[in-house]
Amino acid sequence: MKTSDEELKNIFVDYAPEPFVLYLMKLFSSKNVVLKIKTPRKTKFGDFKPLNKNGQYQITINKDLNAYAFLITILHEFAHLLIHEKHQQSVSPHGKEWKDKFRELLEPIMDKKNLPQEIYNALLSTKNKVTSSSCLDYDLYKEVSKYDHQKDYCFLEKIQIGTKFKLNGRTFVKGEIKRKRFLCVEYKTKRKYMVQSLAKVKPI
């Protein structure tokens with residue numbers, strides 16, 4: 001069942017930056033979409049899927065995102081909805097059509113008065129080089145993460161090589177960098193893993 005306008009407003013007031021609530025309301029109230037706030041998932045910030053052949057859709061967003069991460073993620077997923085509505089499965093999920101639509105959805109939020117300067121600058125850069133995982137764009141993710149509710153972590157790139165750290169309940173030792181990832185060794189199993197430089201870890 002479609003999420004009502006009242007429910008949408010309550011969600012956006014709770015999770016999105018206040019200046020963009022009306023913009024999100026306008027987008028979502030125009031579509032037959034179920035919006036759900038979910039328990040945080042390790043592999044994604046949000047997702048989109050069609051629920052049936054009658055044009056009903058579902059978008060889910062992790063509830064632990066800060067307001068700016070929520071805003072960017074929900075526009076990312078709404079772009080998927082619009083592309084599916086027009087093209088179904090005939091185009092790539094993160095192809096040119098999706099990138100163009102995501103840029104279009106970002107345009108109304110590009111307002112220096114309503115965004116922190118650092119996020120505005122990073123969003124401007126992202127808009128010019130849209131990637132498939134908008135919140136994982138290096139500069140944007142770094143700036144948006146400054147507004148996280150939890151501060152009991154640091155980025156992997158900030159700790160010294162050889163340092164032990166916790167990630168997803170497991171202990172690792174940081175190794176040398178390979179491009180934008182670090183070769184890390186799980187302390188217990190001695191297995192090696194490539195870990196993103198902006199992984200949020202707890203040094204031991």
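The values are calculated or read from the model by the stated rules, or taken from the named source; none is laboratory data. Just so it is clear, the structure is predicted and the values come from calculations on it, not from any experiment. Cβ: placed from backbone, ideal geometry, glycine included. Neighbour counts: every protein chain shown. Ligands, DNA and RNA are excluded from the accessible area calculation, which covers all protein heavy atoms including side chains. Shrake-Rupley method; radii C 1.70, N 1.55, O 1.52, S 1.80 Å.
Please indicate, with yes or no, whether at least one residue in segment 102-115 is under 18 Å from residue 33 (Cα atoms), free of Cβ contacts under 8 Å to residues at least 12 places away in the same chain and surrounded by fewer than 21 Cβ atoms within 10 Å (Cβ to Cβ).
Within segment 102-115 (the criterion being under 18 Å from residue 33 (Cα atoms), free of Cβ contacts under 8 Å to residues at least 12 places away in the same chain and surrounded by fewer than 21 Cβ atoms within 10 Å (Cβ to Cβ)), the answer is no, since none of the residues qualifies.
Go through segment 164-202 and report how many residues are outside any loop (DSSP other than H, G, I, E, B), open to solvent by less than 70 Å² (accessible area, probe 1.4 Å) and either touching a Leu at 6+ places or on another chain (Cβ under 7 Å) or under 17 Å from residue 153 (Cα atoms) (or both).
Matching residues across segment 164-202 total 9.
I'd like the residue in segment 52-83 that is assigned to a helix (DSSP H, G or I) and among the hydroxyl-bearing types (Ser, Thr, Tyr) and, out of all such residues, is most open to solvent (accessible area, probe 1.4 Å).
If we take residues in segment 52-83 being assigned to a helix (DSSP H, G or I) and among the hydroxyl-bearing types (Ser, Thr, Tyr), then 68 is most open to solvent (accessible area, probe 1.4 Å).
Can you confirm whether segment 10-28 contains a residue that is modelled with pLDDT under 95 and assigned to a loop (DSSP other than H, G, I, E, B)?
no
All but one of (1) open to solvent by less than 30 Å² (accessible area, probe 1.4 Å); (2) part of a loop (DSSP other than H, G, I, E, B); (3) not charged (D, E, K, R) hold for residue 144; state the number of the condition that does not hold.
Result: residue 144 fails condition (2) only.
Out of 96, 49, 86, report the one residue that is touching a strand residue (DSSP E or B) at 6+ places or on another chain (Cβ under 7 Å), over 19 Å from residue 15 (Cα atoms) and either exposed (fewer than 14 other Cβ atoms within 10 Å of the Cβ) or aliphatic (A, V, I, L, M) (or both).
After applying the criteria, what remains is 49.
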